[in-house]
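Written out below as structure tokens is the structure these notes cover.
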Amino acid sequence: LFAWAFRELGGSIAHGSNSIWDRYCSRKGTLTQGQTLKPGTALFRTNGDDQYHIGLYIGNDTVIEAKGTLYGVTTSKVKTWDEWAELKGVEYEETVEPPVAGRDGGKVVIVSRGGKVNIRRGNGTNFSCITSAAPGRTFDYVATAANGWHAVVIKKQVGWVSGQYAKIGG
């Protein structure tokens, strides 16, 4: 997920949490140090010197992470992570703000006229469905992929809905 997100934003980064920690992280620390995290900060789960899992801090005490094919992309709370790191070449804002969509209400609303809309495990029709949602239903916004699909929080995980059937703001 981390490497994919960088590609979507026009960059590139190695695959694997240990590689990212070793090659791309500048400022680092443990979460017990009371660091104020900025959206875009990498968070790591560790076992000794092994940074075995990576997530991305998105604000509001929330981390987005890929948990494999069984669970897909999910969210978790910062307290379940061990270390943080800021990435080289990333410009972090000094103030902690919600994602850009937060200025539009931080919501995605289903606007389909044809009935229920599928919420999928990834940003395309080739991904399996988590559930479906009726027009007017709103979800917390996470991000928008380059192909126009919106990531939303549903059932404590991240699901995707096509921009054809949903809009940001609520």
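The values are calculated or read from the model by the stated rules, or taken from the named source; none is laboratory data. Just so it is clear, the model here is predicted, and its values are computed rather than measured. Heads up, the Cβs are rebuilt from the backbone with ideal geometry, glycines too, and the neighbour counts pull from every protein chain shown. When the accessible area is computed, the model is the full protein with side chains, heavy atoms only, and any ligands, DNA or RNA have been set aside. Shrake-Rupley method; radii C 1.70, N 1.55, O 1.52, S 1.80 Å.
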Inset, instruction - With only Lys, Arg, Asp and Glu charged, each at its Cβ (+1 for the first two, -1 for the last two), find how big the charge dipole of the chain is about the Cα centre; round to the nearest 20 debye. - result: 820 debye
Legend entry - Point-to-point label distance, Lys167-Asn18, nm (Cα→Cβ direction, 7 Å offset): 4.9 nm
Inset, instruction - Can you grab the distance from the C-alpha centre of segment 122-170 to the C-alpha centre of segment 1-33, Å, no decimals? - result: 25 Å
Inset, instruction - Quickly estimate the mean residue ellipticity at 222 nm for the chain, helices only: each DSSP H run with n ≥ 4 gives -39500 (n - 2.57), and the total goes over all residues, rounded to 500. - result: -2500 deg cm²/dmol
Inset, instruction - In a Gaussian network model over the chain where Cα atoms closer than 10 Å are linked, find which of Gln157, Gln51, Gln35 has the largest mean-square fluctuation. - result: Gln35
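Rank Leu9, Leu37, Leu1 by accessible area, highest first, at a 1.4 Å probe radius?
Greatest to least solvent exposure: Leu9, Leu1, Leu37.
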Inset, instruction - Using a Gaussian network model of the chain whose springs link C-alpha atoms within less than 10 Å, name the residue from Glu83, Glu91, Glu65 with the highest mean-square fluctuation. - result: Glu91
Inset, instruction - Could you work out which residue, out of Asp140, Asp49, Asp61, moves most in a Gaussian network model of the chain, that is, has the largest mean-square fluctuation with Cα springs under 10 Å? - result: Asp49
Inset, instruction - Measure off, as a whole percent, the carbon and sulfur share of the 1.4 Å-probe accessible area of the chain, all protein chains present. - result: 48 percent
Inset, instruction - Determine the gain in length on full extension of the stretch Ser26-Asn60; use 0.36 nm per residue of separation and subtract their C-alpha separation, reporting nm with one decimal. - result: 9.9 nm
Legend entry - Distance histogram for the chain (every C-alpha pair counted, 10 angstrom bins, percent rounded to whole numbers): 10, 38, 35, 15, 3, 0
Inset, instruction - Identify all lysines with a Cα-Cα distance to Lys107 below 23 Å; exclude those on the same chain that are fewer than 8 residues away in sequence. - result: Lys38, Lys77, Lys116, Lys155, Lys156, Lys167
